[in-house]
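Before any comments, here is the structure.
The values are calculated or read from the model by the stated rules, or taken from the named source; none is laboratory data. Just so we're clear, the structure is a prediction, and the values are computed from it rather than from any experiment. All Cβ positions, glycine included, derive from the backbone under ideal geometry; neighbour counts span all protein chains shown. Note: areas computed on protein heavy atoms with side chains; ligands, DNA, RNA excluded. Shrake-Rupley method; radii C 1.70, N 1.55, O 1.52, S 1.80 Å.
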Amino acid sequence: MIHPVILCGGSGTRLWPLSRKAYPKQFTPLFGRESLFQACLRRYLGDGFGAPVVLSHADFRFLAAEQISAVGLEKAAILLEPEARNTAPAILSAALYLAGQDKGDDLMLVAPSDHVIRDVPAFLKAVEAGTAAAEKGDLVAFGIRPDRAETGYGYLEVGSTDTATPRAMPVTRFIEKPDADRAETMFAEGRFLWNAGIFLFKVDTLIAAFEDLAPEMMAPCRTAVEKARPDLGFLRLDEDAFASVPEDSIDYAIMEKAAAVATVPVECGWSDLGAWDAVWREMGPDAAGVATSGAVTQIDCADTLLRSESDGPRVVGVNLKDIAVIAMRDAVLVADMSDLQAVKTAVQTLKAEGADEAEILPRTYRPWGWYETLALGDRFQVKQIMVPPGKKLSLQSHVHRSEHWVVVQGTATVTIDDEVKLVTENQSVYIPLGAVHRLENPGKVDLHLIEVQTGSYTGEDDIIRYEDIYNRA
């Protein structure tokens, strides 16, 4: 049995403005209707795979659970990291969790949730080819056969140029991201593979490797798992123990030090979508090198990416060359295609300037649905709120504001102090300041309403919760 271990953290900076800290790229439907996370889950639904173990941050727990459910998975363990400590502590925690479930003799396949794999059957054949090596004790890293000289990836060196057949072969060494000249040389030699950051281990073998090569991580990770606290359908790793784990990647902590490391070469249409030029390639540019999405008009452009996201303005590009434009309602990125790695620096600059757009989307997601601010003034705020069927907000009150709700789609059950009423489309209700109230959707279609807040303060922290099915403070 192979247990998928899905890494579902992420800071949301490299594909800004679409991806942000509050809603990183793995949850975003970049191509089609499903997110990258959901596409990752679907790869491992077949025979031979057990229920996945998902490592995520508490801020994303309901979003991850919702997307797991939408894929049709009934069983998945969701381990919540109190803070980001890089990949080594997360992977070790997953291994210790599986060992505690008597899965020590099984295999674990570690996969980031934000990668693209176009040829899934080819990748699964590579997993099959690596299984025997992992079962006998090798640590297996999957290497992507490069189709170009690339400076944005780390590499695996192997002893042969025969990498056309997916089979386990020893890794000679790990190589950091090279400069352009070195990348060209390695590509020409044919003995170097991109390190995909996807790994296959026997659970007990990986734990033994940590005991030998990174023993300082063992005790705090073991404590974090043993003292993990169930919370609804999640498992919260112990906060104090996890915070004391040294921060490191699985490559540095284990893979580059271990003696028995193998790789399986594979050509499967893989990309880590590390910058917008990678998205441009995946979108399939036309003969002129132009890729477009959304409300876009292009005239005489070349080697250019133009995207207007679902709520973004129309983008018109005239005689552009080597330019990326990504437009959203609250922010627009315009960058040279050769310098898209600098988007991360741009986000850091925005954050230093105190710009909300650095990390927050116009639409804020909650476990009960989402809201979006339409207008904001000194003593008022207008929001659109969406609540899916069966969901409900906390029972709450406000100290500084009153609210008017106008239902524009669906049906709402509204509680105001001791009164419970049904409010349907084109009806409204008033929530006085200080009233204890709740909103829920009893129907079968999404509930949309317009909320008008008035008062001396309309911030999100003006909430006193009395009951909450999501266990929020």
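Once each part is reduced to its C-alpha centroid, what is the distance from the stretch 312-373 to the stretch 446-473 in angstrom?
Rounded to whole Å, the Cα centres lie 27 Å apart.
Which residues' amide hydrogens lie under 5 Å from the amide hydrogen of Ala262, considering only partners 5 or more residues apart or on another chain, with H built in the peptide plane?
Long-range HN contacts for Ala262: Leu139, Val140, Ala141, Val171.
Counting pairs of Cα atoms in the stretch 242-310, how many percent are more than 20 Å apart? Could the numbers behind the result be given before it?
Values: 1325 of 2346 pairs.
The calculated P(r) of the stretch 242-310 puts 56 percent of pairs beyond 20 Å.
In the stretch 35-112, which GluC sites (Glu not before Pro) fall in coil by DSSP and have 14 or fewer other Cβ atoms within 10 Å? Don't skip to the answer; put the middle values down first.
Values: sites: Glu66, Glu74, Glu83; in loops: Glu74, Glu83.
Within the stretch 35-112, the qualifying GluC sites (Glu not before Pro) (loop, at most 14 other Cβ atoms within 10 Å) are Glu74, Glu83.
Just how much of Phe62 is accessible, in Å², when a 1.4 Å probe is used and the result is rounded to the nearest 10?
Using a 1.4 Å probe on the heavy atoms, I get roughly 40 Å².
Return the lysines within reach of Lys25: Cα separation strictly under 23 angstrom, same-chain partners fewer than 8 residues apart disregarded; answer none if there are no such residues.
Once the sequence-local lysines are set aside, what remains near Lys25 is Lys177, Lys344, Lys351.
I'd like the distance between the alpha-carbon centres of the stretch 178-201 and the stretch 1-69, rounded to an integer number of Å.
26 Å
When a/c reaches 1.5 or more, the comparison of a/b and b/c decides; with that in mind, is the stretch 97-140 rounded, prolate or oblate per its Cα gyration tensor?
Values: a/c = 2.80, a/b = 1.48, b/c = 1.89.
It comes out oblate by the Cα gyration axes.
Based on the alpha-carbon gyration tensor of the stretch 1-75, what equivalent-ellipsoid semi-axes (square roots of 5 times the eigenvalues) come out, in whole Å, largest first?
Details: eigenvalues 99, 33, 23 Å².
So the three semi-axes of the stretch 1-75 are 22, 13, 11 Å.
Given the DSSP H assignment, sum -39500 (n - 2.57) over each helix run of at least 4 residues in the chain and divide by its residue total; what's the result at 222 nm in deg cm²/dmol, nearest 500?
Values: 10 runs with 101 residues, N = 473.
Taking each H run of at least 4 residues, the total per residue is -6500 deg cm²/dmol.
With +1 on each Lys and Arg Cβ and -1 on each Asp and Glu Cβ, how big is the dipole of the chain about its Cα centre, in debye rounded to the nearest 20? Present the calculation step by step, with values, prior to reporting the outcome.
Working: 46 positive and 69 negative charges, 162 e Å.
In total the dipole reaches around 780 debye.
Considering amide H positions built from the backbone, and no H for Pro or chain starts, which residues 5 or more places from Gly312, or on another chain, come under 5 Å of its amide H?
Arg329
Can you run phi through the Karplus equation (6.51, -1.76, 1.60; θ = phi - 60°) for the stretch 383-395 and list ³J(HN,Hα) in whole Hz, with x for Gly and Pro?
Values per residue, Gly and Pro as x: 10, 9, 10, 10, 10, x, x, x, 8, 8, 7, 5, 7 Hz.
Per the Kirkwood definition applied to all pairs of different Cα atoms, how many angstroms is the hydrodynamic radius of the stretch 239-376?
About 18.5 Å for the stretch 239-376.
Please give every one of the aspartates and glutamates within straight-line cross-link reach of Lys421, meaning a C-alpha to C-alpha distance under 20 Å, and leave out same-chain neighbours fewer than 8 residues apart.
Glu403, Glu440, Asp446, Glu451, Glu467, Asp468
Counting only other residues whose beta carbon sits under 13 Å from that of Asn195, what net charge do I get with K and R as +1, D and E as -1? Please list the in-between numbers first.
Details: positive: Arg145, Arg173, Lys177; negative: Glu150, Glu157, Glu176, Asp251, Glu256, Asp272.
Here the charged neighbours net out to -3.
Residue by residue through the stretch 326-331, what is 3J(HN,Hα) from phi via Karplus (6.51 cos²θ - 1.76 cosθ + 1.60, θ = phi - 60°)? Round to whole Hz and write x for glycine and proline.
10, 10, 10, 4, 10, 7
How much of the pair distance distribution for the stretch 105-227 lies past 26 Å, counting alpha-carbon pairs only, in percent? Please report the intermediate quantities before stating the final value.
Values: 2141 of 7503 pairs.
The share of Cα pairs beyond 26 Å in the stretch 105-227 comes to 29 percent.
How much accessible area per residue does the stretch 427-473 have, in Å², with a 1.4 Å probe? Intermediate values should be presented prior to the final figure.
Details: 2470 Å² over 47 residues.
Value returned for the stretch 427-473: 53 Å² of accessible area per residue.
Counting only protein heavy atoms and using a 1.4 Å probe, what share of the accessible area of the chain belongs to carbon plus sulfur, as a whole percent?
Numbers: 10230 of 21120 Å².
Roughly 48 percent, rounded to a whole number.
Could you give each residue of the stretch 421-429 its phi-based ³J(HN,Hα) in whole Hz, using Karplus coefficients 6.51, -1.76, 1.60 with θ = phi - 60°, and x for Gly or Pro?
Those phi angles translate into 9, 9, 10, 10, 3, 6, 10, 9, 8 Hz.
Could you list which residues have their amide H under 5 Å from that of Arg363, counting only those 5 or more apart in sequence or on another chain, with H placed in the peptide plane?
none
If one computes P(r) from the Cα atoms of the stretch 138-198, what percent of pairs lie at distances over 16 Å? Don't skip to the end; give the middle numbers.
Working: 625 of 1830 pairs.
Tail fraction, whole percent: 34.
Among the lysines, which fall within straight-line cross-link reach of Lys136, defined as a Cα-Cα distance under 26 Å, with same-chain neighbours fewer than 8 residues apart omitted?
The reachable lysines, counting only those whose Cα sits under 26 Å from Lys136, are Lys103, Lys125, Lys202, Lys257.
Select one label from (i) 40, 27, 24; (ii) 42, 30, 19; (iii) 40, 23, 21: the one whose number is semi-axes √(5λ) of the Cα gyration tensor in Å as derived from the coordinates shown.
(ii)
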